[in-house]
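Colleague: Here it is: the structure, laid out below.
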Amino acid sequence: MALQDDFQSALARSKELTKRPTNEELLDLYALYKQATEGDVTGERPGGFDFKAIAKFDAWTSRKGMSKEQAMQDYVALVTKLHQNYA
């Protein structure tokens with residue numbers, strides 16, 4: 001259960017950053033969060049000119065097949081790295 005606690009702590013810490021991470025880092029956070037909480041992406045890729053939704057979908061798709069536990073570990077590691085750079 002320690003991993004779940006670390007993940008919940010990282011979720012809270014991700015909201016405490018004093019500077020905004022890069023778009024790539026934000027997409028990584030999103031994709032790891034979604035993979036950790038929901039598993040593999042489902043549904044169709046957004047179309048049209050909704051570039052933000054497309055980027056988020058593609059980022060999440062890039063984590064397809066990753067276990068929820070690995071996604072949680074990677075999320076915790078990324079938040080720790082971001083805190084070193086942006087806190």
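Every number in this text was worked out from the coordinates using simple rules, so none of it is lab data. Since this is a predicted model, take the numbers as computed values, not measurements. Here Cβ is always computed from backbone atoms with ideal geometry, including for glycine, and neighbour counts include all displayed protein chains.
Colleague: Among T18, T61, T37, which is the only one that is loosely packed, with under 11 Cβ neighbours inside 10 Å, in contact (Cβ under 8 Å) with a residue 12 or more places away in the chain and of a type in the set (S, T, Y)?
Modeller: Details: T61 fails: loosely packed, with under 11 Cβ neighbours inside 10 Å; T37 fails: loosely packed, with under 11 Cβ neighbours inside 10 Å.
Answer to the selection: T18.
Colleague: Please determine whether any residue of region 64-71 is part of a helix (DSSP H, G or I), under 19 Å from Y86 (Cα atoms) and in contact (Cβ under 8 Å) with a residue 24 or more places away in the chain.
Modeller: Here is the first cut: in region 64-71, the ones part of a helix (DSSP H, G or I) are 68-71.
Cutting the leftovers down to under 19 Å from Y86 (Cα atoms) gives us none.
Looking for residues that are part of a helix (DSSP H, G or I), under 19 Å from Y86 (Cα atoms) and in contact (Cβ under 8 Å) with a residue 24 or more places away in the chain, one finds none in region 64-71, hence no.
Colleague: Can you pull out every residue in region 10-26 that is part of a helix (DSSP H, G or I), over 14 Å from V76 (Cβ atoms) and of a type outside the set (D, E)?
Modeller: First, pick out the residues of region 10-26 that are part of a helix (DSSP H, G or I): 10-14, 23-26.
Restricting the remaining residues to those that are over 14 Å from V76 (Cβ atoms) gives 23-26.
Matches in region 10-26: N23, L26.
Colleague: Same structure, new question: Restricting attention to region 40-58, which residues are assigned to a helix (DSSP H, G or I) and loosely packed, with under 15 Cβ neighbours inside 10 Å? Quick ask: steps written out before the conclusion?
Modeller: Filtering region 40-58 for residues assigned to a helix (DSSP H, G or I) gives 51-58.
Within region 40-58, F51, K52, A53, I54, D58 qualify.
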